[in-house]
Each structure stands twice: as C-alpha cells, then as structure tokens.
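The values are calculated or read from the model by the stated rules, or taken from the named source; none is laboratory data. Keep in mind that this is a model prediction, so the values were computed, not measured. All Cβ positions, even for glycine, are placed from backbone atoms using ideal geometry, and neighbour counts span all protein chains on display.
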Amino acid sequence: MIENILISLSPLQLQPQPTAHPYITSIVTAAFVVAFIAIGIQFVYALIRKKFTDINKLSSIMKEVTEFNKRYMDAFKKQDKKMLEELNKKKAYIDKLRMDMFRMNTKPMMIFLIPSFILWIYILPNLIGYTSAVSPISLNVLGDLMPLTCTKEMIINDINNISDELNKKADEIAQGSLEIKGLAEKAKALASEGKFVDARSVILDAYDKLNAGRSEKIQEKVPRCTIENEVLLWAWYLIVSVAFGSIVTRITKTNMPSAF
C-alpha cells in the first residue's frame, strides 16, 4: 500500500503545468480515463516487480523482519532484558535483511520512474488539465494543508491571482493594456458572484488580447477548478490507486505482508 502511494506521488515533485485547453473537457470522461490509467499503471508496476524481483524471497525476508519487529516491541514493552539482549545480537542480521529488502524494492521502482515522469509531466497535464472528477462532498480532511477537492475560496483566489498577474503584464505593453485590465477586473467581479466558468472565459479572452501580435506567447493560466468539490487530478489518481492497489497485488500475486 505504501509503495502504491509513493508511485502516485513521486512525479508530483516536478510540478507539471496543466494546459488551459485540455484534450478531454468532460469531467466524467476524465474520471474514467484517469481511473483506467491508474489501475493500468498498478498492473504494469506489479508485472515489472514480478519480473525483476524474487517475490518468494522478498516475502520470506519481510516475514522474518516482521516477526523480529513484533518480538522486539513485545520485549521492549515488557522490559524483558534477557529477550532484548538476545534480539540485539540478531539486529545486525536483520539490518542486512532490511537493506536487501530495500534493494529488491528499489530496482523495479527505478525502472518505473522514467515512464511515470513522462506520464505526469507531458501526458496527463495536456490530456486532462487540473481536475478529473467531482465529489458530492469535500474530501479536504487536512484542510488547506493538502486540498484534494476545490473550494470556493480556492477558485476565487486562483482567479484573483491570475487577474493580478494579467494587470502586471498589461503594464508592460502599450497597446490594449486598458482592455486587458478591464477584462481582468471583470473576471474578479464574476468570481465574487460565483460565476467561475464565465470568469475563466474572460481570463482566456484577456490572454488572447495580451498575446495578440507577440512572437513569444505568454503561457495562459486558468483557475484549477470552476466547480466546488472538483477533485484535483493527482488526488483522483491517488484515490483510485489506493482503492485498487491491494486488488491488483492479489491478482498478480505480488502482495506481501508489511515489514513494519
């Protein structure tokens, strides 16, 4: 389960830039496509792991480490000095097993990283955009620390920040600056009224004016969401990966006990 989460989160460190014009515009279609990709990737990783890892040996090592951990914790709680002394003699051997286990898990992960990066940096951001599902309720159990679904405040802040940036860009040009600033302020006004879809359209109109006649186009930015409780792309991918991870490992016979 931990590995499934790491697989899902590792590409996020490069901060892909989603396009303002995703190929898939239907949120329902996006949800199914991302779910299909997430489950497919779970199968691919499981098969890679099965190919490059001795599953039986790894499972045996994990069982031995798990048993050692349980005995050590039990002895520590009971303050059984005799048992602790006996287990400490075995600690060097267990540490070696942990290192072997780490190496066995790392090899398939390293093989998997490059295509995973390509998927997150080049494919999904242009295929889907920022969001890929809608939840009937907020999933932000950690609040603003790690939002999984969009809030009204998040959408309004995005629109206001983009509008402010458009105003700054407008100051750098002479022709059309007043029109661009007017559109930026209109987007803010629409956001305050809850008309997020209209505000997004106005922002794109402002970028069209800003980029008119420019040889080097300024990258368009749009709010991450236009509907409250839209699920962010990485969050939906993670939810599906976690939900189906254990099923995939059972089907591919790569499931193993936790060593911790």
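Scanning the stretch 203-238 for residues that are free of Cβ contacts under 8 Å to residues at least 12 places away in the same chain and surrounded by 14 or more Cβ atoms within 10 Å (Cβ to Cβ) yields a single hit, Asn211.
When the residues of the stretch 190-199 are narrowed to those that are surrounded by 15 or more Cβ atoms within 10 Å (Cβ to Cβ) and without any contact (Cβ under 8 Å) to a residue 40 or more places away in the chain, which ends up nearest to Ile155 (Cα to Cα)?
We begin by selecting, within the stretch 190-199, every residue surrounded by 15 or more Cβ atoms within 10 Å (Cβ to Cβ); these are 190-191, 195-196, 198-199.
Of the ones still in play, those that are also without any contact (Cβ under 8 Å) to a residue 40 or more places away in the chain are 190-191, 195, 198.
Numbers: Leu190: 11, Ala191: 8, Lys195: 10, Asp198: 12 Å.
Top of the filtered list is Ala191.
In the stretch 80-93, the residues that are in the same structural domain as Lys70 (by TED's automatic domain parsing) and over 13 Å from Glu67 (Cβ atoms) form Cβ pairs under 7 Å with partners that are in a helix (DSSP H, G or I) and of a type outside the set (S, T, N, Q), at six or more places apart or across chains, as follows: Met83/Ala75; Leu84/Ala75; Leu84/Phe76.
Residues in the stretch 49-79 that are of a type in the set (Asp, Glu) and either touching a residue at least 12 places away in the same chain (Cβ under 8 Å) or not assigned by TED's automatic domain parsing to the domain that holds Lys107 (or both): Asp54, Glu64. The residue that is surrounded by the most Cβ atoms within 10 Å (Cβ to Cβ), among those in the stretch 65-106 that are touching a helix residue (DSSP H, G or I) at 6+ places or on another chain (Cβ under 9 Å), closer than 30 Å to Phe52 by Cβ and charged (D, E, K, R), is Arg98. If you check Ile111 against the conditions, is it at negative phi and in contact (Cβ under 8 Å) with a residue 24 or more places away in the chain? The answer is yes for Ile111.
Can you find, within the stretch 18-60, the residue that is surrounded by the most Cβ atoms within 10 Å (Cβ to Cβ) among those that are over 16 Å from Leu119 (Cβ atoms) and of a type in the set (A, V, I, L, M)? Reasoning before the result, please.
Filtering the stretch 18-60 for residues over 16 Å from Leu119 (Cβ atoms) gives 20-21, 25-29, 31-32, 46-47, 49-60.
Subsequent filtering for residues that are of a type in the set (A, V, I, L, M) retains 20, 27-28, 31, 46-47, 55, 58.
Details: Ala20: 16, Ile27: 17, Val28: 11, Ala31: 19, Ala46: 22, Leu47: 14, Ile55: 15, Leu58: 18.
Here the answer is Ala46.
Residues considered: Phe102, Phe117. Of these, the only one that is aromatic (Phe, Trp, Tyr) and under 25 Å from Val240 (Cα atoms) is Phe117. Annotation note: Cβ proximity below 9 Å between a residue of the stretch 134-157 that is basic (Lys, Arg) and a residue that is in a helix (DSSP H, G or I) (sequence gap 6+ or interchain) occurs for Lys152/Phe196. Within the stretch 120-154, the residues that satisfy the criterion of being crowded, with 17+ Cβ neighbours inside 10 Å, in contact with a Pro (Cβ under 7 Å, 6 or more places away or on another chain) and closer than 30 Å to Tyr45 by Cβ are Trp120, Pro125, Leu127, Ile128, Gly129, Tyr130, Asn140.
When the stretch 155-182 is filtered for residues that are crowded, with 19+ Cβ neighbours inside 10 Å and either over 11 Å from Leu210 (Cα atoms) or not assigned by TED's automatic domain parsing to the domain that holds Ala206 (or both), the ones remaining, listed by number, are Ile155, Asp158, Ile159, Ile162, Ser163.
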